[in-house]
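What follows is a structure written as structure tokens; I'll ask about it next.
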Amino acid sequence: MRASSSLALAGAQERWDPVARDATDGLELAGTVYAVADLFAANAAVRRAVTDPSRSGEDRAALVSNLLGSSTDGRVTDLVSGLARDRWSEDRDVVEALEILGEDTLLATAERQGELEPLGEELLSIRSVVRGNPDLEVALADTGQEAPARRELLGRVIGSQVSPIALLLAQRGIGTPRTRTLIHALGDTASRAAARRERTIARVTAAIPLTTEQRDRLQAALKAEHGRDVALHVDIDPAIIGGLRVEIGDSVMDGTIRTRLDEASRHIAG
């Protein structure tokens, strides 16, 4: 992806991750994201319409709402509407973005369930099975067959041996724009699961949006303190007036002006 698309994807991932992490139906939610990815992949006219830079972002978002309708999960409609508001270098990049966001949903679900480590092991095990069966590897890579048929084949071979999340991730490694081969896709996804396992989530509350420089400084300080990469999820709450509230696990660092004022008021009153 070139710059515009990369920025759009990064913003969408930041907005989507809290939704995916809180979802109790992550497998179904990911399936809906993937269904929209398939819809866009199969319809060039639709892709061009929802990424057309000559139309306003709100116009493109309205088009998405009309296209997906009330039958689509509202969380996914909001996600795709947000993608439509952004700028994309190429229309096909939005398909790749949806594939990545579907994968993010499944990884977040595994994380929520405490299953990221075994999930990574499952993905590498599937890769070993495919590598060890040349006929299967050739059949799964055969572009003369439609992707759904190849995904079904993989499901028949390994479906009963792995978790539903691992199976869906493996199946999406077949016939999607962002993957070269299933072997590469499985390795890449296993690496993403491992990286997510090593990452700390910091929930930050600020009165106004943080600048890129402020975010970078905060991430560097938190990484130095906790010894690992820190992902920021920033919520905006003007009521805190200023300063930041940072929550990492059970640890809370509250430097907001509102809290300081409340403490001062209690001190004066007491």
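The values are calculated or read from the model by the stated rules, or taken from the named source; none is laboratory data. Predicted model only: the values in this text are computed from it and were never measured. Cβ atoms come from the backbone with ideal geometry, glycine included; neighbour counts cover every protein chain shown.
Can residue 200 be described as β-branched (Val, Ile, Thr) and in contact with an Asp or Glu (Cβ under 6 Å, 6 or more places away or on another chain)?
Taking the combined requirement at face value, the residue does not satisfy it.
Please find, among 60, 47, the residue that is buried (at least 19 other Cβ atoms within 10 Å of the Cβ), closer than 21 Å to residue 147 by Cβ and free of Cβ contacts under 8 Å to residues at least 60 places away in the same chain.
47
State which residue is surrounded by the most Cβ atoms within 10 Å (Cβ to Cβ) when the search covers only region 72-127 and only residues that are of a type outside the set (Asp, Glu) and not in a helix (DSSP H, G or I).
88
Now, a different point. Please tell me if residue 149 is under 22 Å from residue 32 (Cβ atoms), assigned by TED's automatic domain parsing to the domain that holds residue 188, in a helix (DSSP H, G or I) and modelled with pLDDT of 90 or more.
Yes; evaluated as a whole, the condition is true for this residue.
Would you mind stating whether residue 32 is part of a loop (DSSP other than H, G, I, E, B) and either of a type outside the set (A, V, I, L, M, F, W, C) or more than 14 Å from residue 68 (Cα to Cα) (or both)?
It is false that residue 32 is part of a loop (DSSP other than H, G, I, E, B) and either of a type outside the set (A, V, I, L, M, F, W, C) or more than 14 Å from residue 68 (Cα to Cα) (or both).
OK, next. For region 195-247, what are the residues that are small (Gly, Ala, Ser), surrounded by 14 or more Cβ atoms within 10 Å (Cβ to Cβ) and outside any strand (DSSP E or B)?
Those that are small (Gly, Ala, Ser), surrounded by 14 or more Cβ atoms within 10 Å (Cβ to Cβ) and outside any strand (DSSP E or B): 207, 243.
Identify all residues within region 4-49 that are farther than 15 Å from residue 78 by Cβ, under 10 Å from the mean Cα position of the chain (by Cα) and either hydrophobic (A, V, I, L, M, F, W, C) or outside the structural domain of residue 71 (by TED's automatic domain parsing) (or both); write none if there are none.
Those that are farther than 15 Å from residue 78 by Cβ, under 10 Å from the mean Cα position of the chain (by Cα) and either hydrophobic (A, V, I, L, M, F, W, C) or outside the structural domain of residue 71 (by TED's automatic domain parsing) (or both): 9, 10, 30.
Tally up the residues in region 18-29 that are touching a Ser or Thr at 6+ places or on another chain (Cβ under 9 Å) and not in a loop (DSSP other than H, G, I, E, B), please.
Selection size over region 18-29: 6.
In region 128-155, what residues are of a type in the set (Ser, Thr, Tyr) and surrounded by 15 or more Cβ atoms within 10 Å (Cβ to Cβ)?
Of everything in region 128-155, nothing turns out to be of a type in the set (Ser, Thr, Tyr) and surrounded by 15 or more Cβ atoms within 10 Å (Cβ to Cβ).
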